[in-house]
Amino acid sequence: MKDDGIMAQQEGGSIRGVGVSPGICCGRAVVLTDVPSDPSFGSDTPAAEPVILVGSDFSGEEVLSMDLESVCGFISAAGGLTASGGIVAKGAGIPGVMACPFGDRIRTGDDLILDGTTGEVFMHPSPDVVAQCNERTLQYQAAQEEMRVHRHLPAETKDGWKVEVLAAVDLADAVPGAIVAGAGGIGLFRSEFYYLTGDGAPSEEFLFSIYQHVVSSIAPLPVTIRTLDLSGTTQIHGLERERDPNPALGLKGIRFSLAHPELFRTQLRALYRASAFGQVRILLPMVSSADELQSAKSILAGVRDELTREGVRIGDGVKVGLVLEVPAAVLAASHLASEVDFFSISSNDLIQYGLALDRVNGTVAGGYDPLDPGILKMIQLVVQAGHGAGIEVDLCGEMAGNPASVPLLLGMGLDSLSMSPMDISGVKKMVRESTLDQCAALAELL
Ligand code: PEP
Ligand code: MG
């Protein structure tokens, strides 16, 4: 049955938001007023029963800190396709809908079905709706199964053009799953989570053990580890800071690391030490100017020298890359390219800053458009600048995992795409069904 049939039968019984993590699930609502420490969480619901968490907002850090054992889905009023909570839930395989205007229509204990692909939420679904959702689940599973055959095949177009398809992960434990999903390496390891557990900033030894584990478990494939990219609202225990009035534009990414050089040096020491166990690429987030890059690089050089003086083994080919996500850095890309070994375009933030669309504001979530001509122009500019300087250009963020973006990205000449492991087979399928000629012709139109 078609979607509109469902809507007609359940008039008033469904709400539409933005599907951010695919899959369908049914469970009982637990409405959180204060994520993640709401005392009501779990208290009204037998532990064995699957729970759909409902809240105003879920940040990635909050989702990572939750015990997700009984959670089968989540719904939030805030956010959208690139909000960090959705990205983390997708990494964990939990269906989710964000930017969902549920108001006071959902209460703890309500029976819900959510479709994380279409963004629909059904409240107290009738037997008919349950049957239709079961049918959708079977279709979704069949489509997933069909795509799985592509996961270990090369990402190569029909006319022989290869692109690297890599995974973006948040946790060391996610690395084996990424390899099973067909990743040719880790193109983005977000390092934030390990700063949020424990009583304070993590020690060098702790970080080293995590990085060494990640690097060794993926070797000889490369891993790109992004240095701390905390959002402006996140607190590290013991290092409480004032909430940024506008977190997206505040002390975020490299700015935070430069403001806390001891923390940065600790992370870099752990990274350089782990580089002896495989191929490490260090990625610097949210750099907006050549000055910031120089400051970061001089700290990197200092840490390297210090470790060398101490006789610590460092891997031979550690590469240092730059995240391109701030429009000013995009425009300066040809100058910045000679200073680093690779570029990584972070499409989620590039779109946030390029289209002036807050990633966590559900009311503007509908404006997300990775194929906006201005965004595509910026990507093209970075690729040309990077290739002009002889360095590789990667693209990560939700756009990388969307098969609809793939022909243009291939046509623009991206060297690699880094995505949620869940998206790998669909992207490989699209690459394998394309020809570079067609893709290049599309990119010519820009
Ligand atoms: C991005 O901005 O595209 C990205 C991959 O990083 P994050 O989602 O962690 O901001
Ligand atoms: Mg980002």
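Residue by residue, the stretch 422-431 carries 3J(HN,Hα) couplings of 4, 8, 4, 5, x, 5, 4, 4, 4, 4 Hz when phi is fed to the Karplus relation 6.51 cos²θ - 1.76 cosθ + 1.60 (θ = phi - 60°); x denotes Gly or Pro. Rounded to the nearest Hz, the phi-derived 3J(HN,Hα) couplings of the stretch 384-399 under the Karplus curve 6.51 cos²θ - 1.76 cosθ + 1.60 (θ = phi - 60°) are 5, 5, x, 5, x, 9, x, 10, 6, 10, 9, 10, 10, x, 4, 4, where x marks glycine and proline. Given their separation in residues at 0.36 nm each and the Cα-Cα distance between them, T197 and D372 gain 59.2 nm when the chain is fully extended. Between V360, V406, V130, the GNM of the chain built on Cα springs shorter than 10 angstrom shows V130 fluctuating the most.
Only helical runs count toward this figure. For the chain, summing -39,500 (n - 2.57) over DSSP H runs of n ≥ 4 and dividing by all residues gives -11000 deg cm²/dmol at 222 nm.
Length gained on full extension, A143 to E204, computed as 0.36 nm times the residue gap minus the Cα-Cα distance: 17.6 nm. The orientation-averaged projection of the convex hull spanning the C-alpha atoms of the chain amounts to 21.1 square nanometres.
A straight chain from S289 to L239 at 0.36 nm per residue would run longer than the Cα-Cα distance by 15.4 nm. Annotation: cysteines of the chain without a disulfide-compatible partner (Cβ-Cβ under 4.7 angstrom) are C26, C100, C133, C396, C439. By DSSP, the beta bridges lying fully in the chain are antiparallel in about 30 percent of cases. A simple spin-label model places the labels of A131 and A276 6.6 nm from each other, with each point 7 Å out along Cα-to-Cβ. Taking 18 Å as the straight-line reach from the Cα of K158, the aspartates and glutamates in range (excluding those fewer than 8 positions away in the same chain) are D415, E433, D437. Considering only alpha-carbon pairs that sit under 8 angstrom and 6 or more positions apart, the relative contact order computed for the chain is 16 percent.
Accessible area per residue was computed with a 1.4 Å probe on protein heavy atoms; T82 scores about 10 Å².
Projecting the Cα positions of P421, L284, G86 onto the charge dipole of the chain (unit charges on Cβ atoms of Lys, Arg, Asp and Glu, taken about the Cα centre) puts L284 furthest along the positive direction.
Translational diffusion coefficient of the stretch 73-169 (Stokes-Einstein, Kirkwood radius from Cα pairs, 25 °C, 0.890 mPa s): 153 µm²/s. Put a plus charge on the Cβ of each Lys and Arg, a minus charge on the Cβ of each Asp and Glu, and nothing anywhere else: the dipole of the chain about its Cα centre is then about 940 debye. Treating r as the C-beta distance of T33 and T363 and R0 as 22 Å, the FRET efficiency rounds to 0.65.
Think of a 1.4 Å ball rolled over the protein heavy atoms: the chain then has 41 Å² of accessible area per residue. Keeping the other protein chains in place, figure out the carbon and sulfur percent of the accessible area of the stretch 49-174, with a 1.4 Å probe. So the carbon and sulfur contribution to the accessible surface is 53 percent. Taking amide H as placed 1.01 Å from N in the peptide plane, L395 has its amide H under 5 Å from the amide H of I345, S416, L417, S418, each at least 5 places away in sequence or on another chain.
Over 27 Å apart at the Cα level, from the set K162/K252; K252/K428; K162/K297; K162/K377, are K162/K252; K252/K428; K162/K297. Calculated FRET efficiency, T435 to V312, Cβ-Cβ distance, R0 = 60 Å: about 0.80 to the nearest 0.05.
The values are calculated or read from the model by the stated rules, or taken from the named source; none is laboratory data. Not measured: the values here are computed from a predicted model. A quick note on method: Cβ atoms are made from the backbone with ideal geometry, for glycine too, and the neighbour counts reach across all protein chains shown. These area figures cover heavy atoms from the full protein model, side chains too; ligands, DNA and RNA do not enter into them. Shrake-Rupley method; radii C 1.70, N 1.55, O 1.52, S 1.80 Å.
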